[in-house]
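Participant: Can you keep this structure in mind? I'll have questions shortly.
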Amino acid sequence: MTDANAAPEGAPNTLATLIERLRATGLLNTPLLDAAFSAVARHLFLPGVPLDQVYADNAIPIKYDSEGRVISSSSQPSMMLLMLQQLDLQPGHNVLEIGAGTGYNAAVMQQIVGQSGKVTTVEVDP
C-alpha cells in the first residue's frame with residue numbers, strides 16, 4: 001500500500017527531505033509543528049510543479065499579472081514556520097485565514113488545530 005500524500009518514490013527532493021532541512025535550521029522545533037508539516041504533502045497543492053522546486057525551501061509563484069509580475073505564491077515553508085510559531089496555534093483553536101493561495105498553509109494549520117478546531121480560509125482568486 002502506498003501513502004497518497006507521499007512524493008513519488010525516488011524523487012530527489014521529498015517531503016521527508018524538506019522536513020529534515022527545516023529541522024536542521026532549528027525552525028521546526030516543536031512536536032506540534034513537526035507533526036503538522038510532516039503530515040501535509042506540499043506537492044498535492046502545487047500540481048505540475050517539479051518536485052525539486054516543490055520541496056525546496058522557497059516560495060513558488062502561482063499567479064502572474066498581465067505584465068508577468070508575480071502576484072501570488074505558495075509561501076516559503078520556513079517563513080510559514082516563523083508565522084505559525086508567532087501565531088502559537090494549539091489544538092482546538094479556530095482560525096480565519098485571508099488569502100488561501102494554494103491551500104497548503106490552511107492544510108498545515110488544520111493539522112495543528114485538529115478535529116476540535118476549525119480553519120476557515122478565504123481566497124479572492126479562484
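The values are calculated or read from the model by the stated rules, or taken from the named source; none is laboratory data. Model, not experiment: these values are computed from the prediction. Neighbour counts are summed over all protein chains in view; Cβ atoms, including those assigned to glycine, are modelled from backbone coordinates with ideal geometry.
Participant: For SER75, all conditions in the list (1) among the polar types (S, T, N, Q); (2) within 14 Å of MET109 (Cα to Cα); (3) in contact (Cβ under 8 Å) with a residue 40 or more places away in the chain hold save one; what is the number of the exception?
Facilitator: In the conditions (1) among the polar types (S, T, N, Q); (2) within 14 Å of MET109 (Cα to Cα); (3) in contact (Cβ under 8 Å) with a residue 40 or more places away in the chain, SER75 misses (3) alone.
Participant: Let me ask something else. Return the residues of region 91-126 that are assigned to a helix (DSSP H, G or I), hydrophobic (A, V, I, L, M, F, W, C) and either surrounded by fewer than 14 Cβ atoms within 10 Å (Cβ to Cβ) or in contact (Cβ under 8 Å) with a residue 24 or more places away in the chain (or both); say none if nothing qualifies.
Facilitator: Answer for region 91-126, where residues must be assigned to a helix (DSSP H, G or I), hydrophobic (A, V, I, L, M, F, W, C) and either surrounded by fewer than 14 Cβ atoms within 10 Å (Cβ to Cβ) or in contact (Cβ under 8 Å) with a residue 24 or more places away in the chain (or both): ALA107, VAL108, MET109, ILE112, VAL113.
Participant: Got a number for residues in region 36-64 being closer than 20 Å to GLN110 by Cβ and part of a loop (DSSP other than H, G, I, E, B)?
Facilitator: The total comes to 4.
Participant: Here are the criteria: (1) assigned to a loop (DSSP other than H, G, I, E, B); (2) in contact (Cβ under 8 Å) with a residue 12 or more places away in the chain; (3) over 11 Å from the mean Cα position of the chain (by Cα). Tell me which single one GLU67 does not satisfy.
Facilitator: Every listed condition holds for GLU67 apart from (2).
Here is a yes/no grid of residues against (1) modelled with pLDDT of 95 or more; (2) within 27 Å of ALA24 (Cα to Cα); (3) of a type in the set (A, V, I, L, M, F, W, C):
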position	(1), (2), (3)
GLN53	no, yes, no
ALA56	no, yes, yes
PRO77	yes, yes, no
PRO91	yes, yes, no
GLY99	no, no, no
VAL108	yes, yes, yes
GLY114	yes, yes, no
PRO126	no, no, no
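Participant: Only one of (1) touching a residue at least 24 places away in the same chain (Cβ under 8 Å); (2) loosely packed, with under 14 Cβ neighbours inside 10 Å; (3) over 25 Å from ASP125 (Cβ atoms); (4) among the hydrophobic types (A, V, I, L, M, F, W, C) fails for LEU33. Which number is that?
Facilitator: (2)
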